[in-house]
1. How much length would be gained if the chain were fully extended between residue 48 and residue 125, taking 0.36 nm per residue of separation minus their Cα-Cα distance, in nm to one decimal?
2. Between residue 101 and residue 72, what's the calculated FRET efficiency when r is the beta-carbon distance and R0 is 35 Å? Round to 0.05.
3. Distance between the C-alpha centers of the range 63-127 and the range 158-179? Whole Å please.
4. Sort 140, 119 so that the residue with the fewest other Cβ atoms within 10 Å of its own Cβ comes first and the one with the most comes last.
5. Assign one of three labels to the range 95-190, namely rounded, prolate or oblate, based on the Cα gyration tensor with a ≥ b ≥ c the square roots of its eigenvalues; rounded applies when a/c is under 1.5, prolate when it is not and a/b is larger than b/c, and oblate otherwise.
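Please treat every number below as a calculation from the coordinates, not as lab data. Keep in mind the model is a prediction, meaning the values are calculated, not measured. Cβ sites come from the backbone with ideal geometry, for glycine too, and all protein chains shown count toward neighbours.
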């Protein structure tokens, strides 16, 4: 047996012996305090990625859309109605339960801003179901009229559509890679067709473990 094969075989044998001698892994959990940083996902994006993306993109969009200060004695204009349609994932990763959480966080930030009055998601989903439309089909004028009418019948007229889209770009260096995440918010005025767009980006590096690299180096 060659020396390299011998080293790899003995390493793997040692790992097997440890697992067979009662040194088994155990899963445990701990509540994280508000001051603790988020855990960093080892294989995909997680809270450490999506939280800052949402924070930056939503705050920037709402800041730009905030109406000017009204003169003293003048009533401020009513919040504009916004229909947050969907979170679209076009990245290289499955985002799982983060999709619904991203929607809820963005929706809550809009509610608390008092710049817009969002349509409740349950009405949005009911309108899409009633018209049998997907969110990306609303740009067809006939579909938009059907959807708008469906929500008006529910007492939920709106002025803007809002879409959130997650994309990614991957740069590889052997088995290590960098993934650049982008969260884009698109807001369309349904009456004029004008739209506003805001994005936030974050880069994250994924690195091959040292043990795997050591084995690869021995094999090579």
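1. Here the segment from residue 48 to residue 125 would lengthen by 24.8 nm.
2. The computed FRET efficiency comes out at 0.30.
3. Computed from Cα coordinates, the inter-centre distance equals 20 Å.
4. 140, 119
5. prolate
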